[in-house]
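Structure first, commentary second.
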Amino acid sequence: MKKGKVAVFLSGRGSNFESIYRASLKKESNYEIAIVISNKKNARGLKIAKKFKLKNFYVSSKSFKSKKEYNQYIIRLLEMNKVDLVCLAGFMRIIDPEFIEEYKNRIINIHPALLPSFPGLNAQKQAIDHGVKVSGCTVHFVDSGIDTGPIILQKPVKIKSNDNEELLSKRILKEEHKIYPDAIKLFFENRLKIDGRKVIILER
Ligand code: GRF
């Protein structure tokens, strides 16, 4: 079986990257990580990639004259590594429309809330402050909005009366680590059909 090639983009801790990587090591996995790209030099995720001996790059947009040059550099890196799918995993940079166009329907992201509720930063705190009883996590395709693309998978997580941001984030993260590899697997099984805003998960 030819395995799908994944690029992981990250900026920090890299726990989702780690779970994606660990799932890729399973015998039945249909993908492998081809490259890890960080826009932060000291990201923990980058250190993990080095430890696992995965191809890794620190790429800062600041070292490029323009956004266009930065995008072209990233696109070239992905092409050279025959990347099929880009997984954003705590990548704290807005993806440029030019890049989205190039990798249309081949960029996915994980968000720590049940979208379309609580997009953007500090989603767990937003959920607690709003007083919702249930939050969770979402894997979605990336479009030009902030956390607005078609939803692939979601997992609810109950909010307890004595919850705080840290406790809730921990419980949500545990679920993130499950649904992100599941979504990637579905992608490479060719089972995700985008129909407008909807992602239809095809039966096997
Ligand atoms: C996760 O909560 C993810 O949902 C959000 O950023 C965080 C990244 O955590 N997009 P990690 O770097 O994967 O540990």
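The values are calculated or read from the model by the stated rules, or taken from the named source; none is laboratory data. Not measured: the values here are computed from a predicted model. Because the Cβ atoms are built from the backbone with ideal geometry, glycine has one as well, and the counts that use them run over all protein chains shown. Surface areas here come from the heavy atoms of the whole protein model, side chains and all, with no ligands, DNA or RNA. Shrake-Rupley method; radii C 1.70, N 1.55, O 1.52, S 1.80 Å.
Worth pointing out:
- Number of positions in the range 22-46 that are closer than 21 Å to Ile74 by Cα and hydroxyl-bearing (Ser, Thr, Tyr): 2
- Where strands (runs of 3 or more DSSP E) fall entirely within the range 143-204, none has at least 3 residues that are without any contact (Cβ under 8 Å) to a residue 12 or more places away in the chain.
- Test set (1) closer than 24 Å to Ile108 by Cβ; (2) open to solvent by less than 90 Å² (accessible area, probe 1.4 Å) - Phe64 fails condition number: (1)
- Close pairs (9 angstrom Cβ cut-off, 6 or more residues apart or separate chains): on the phi > 0 side of the Ramachandran plot in the range 69-94, more than 16 Å from the ligand (Cβ to nearest atom) and of a type outside the set (Val, Ile, Thr) anywhere: Lys82/Lys5; Lys82/Ala34
- Pairs, first free of Cβ contacts under 8 Å to residues at least 24 places away in the same chain in the range 30-44, second in a strand (DSSP E or B), C-beta under 7 Å, six or more apart: Lys41/Tyr58
- Residue check for Ala127: in contact with a helix residue (DSSP H, G or I) (Cβ under 8 Å, 6 or more places away or on another chain) and not assigned by TED's automatic domain parsing to the domain that holds Leu186: no
- Among residues of the range 5-23, those that are away from the ligand (no atom under 13 Å from the Cβ) and under 22 Å from Val59 (Cβ atoms), counted: 3
- Leading residue by the ranking (least open to solvent (accessible area, probe 1.4 Å)) among those in the range 170-180 that are under 11 Å from Ser15 (Cβ atoms) and not aromatic (Phe, Trp, Tyr): Glu176
- Residue within the range 183-201 that is at pLDDT 95 or above, within 16 Å of the ligand (Cβ to nearest atom), surrounded by 14 or more Cβ atoms within 10 Å (Cβ to Cβ) and closer than 23 Å to Tyr21 by Cα present: yes
- Residue count for the range 104-135 satisfying the condition of being in contact (Cβ under 8 Å) with a residue 60 or more places away in the chain and within 14 Å of the ligand (Cβ to nearest atom): 3.
- Per-region count, the range 30-45, residues crowded, with 18+ Cβ neighbours inside 10 Å and more than 13 Å from the ligand (Cβ to nearest atom): 5
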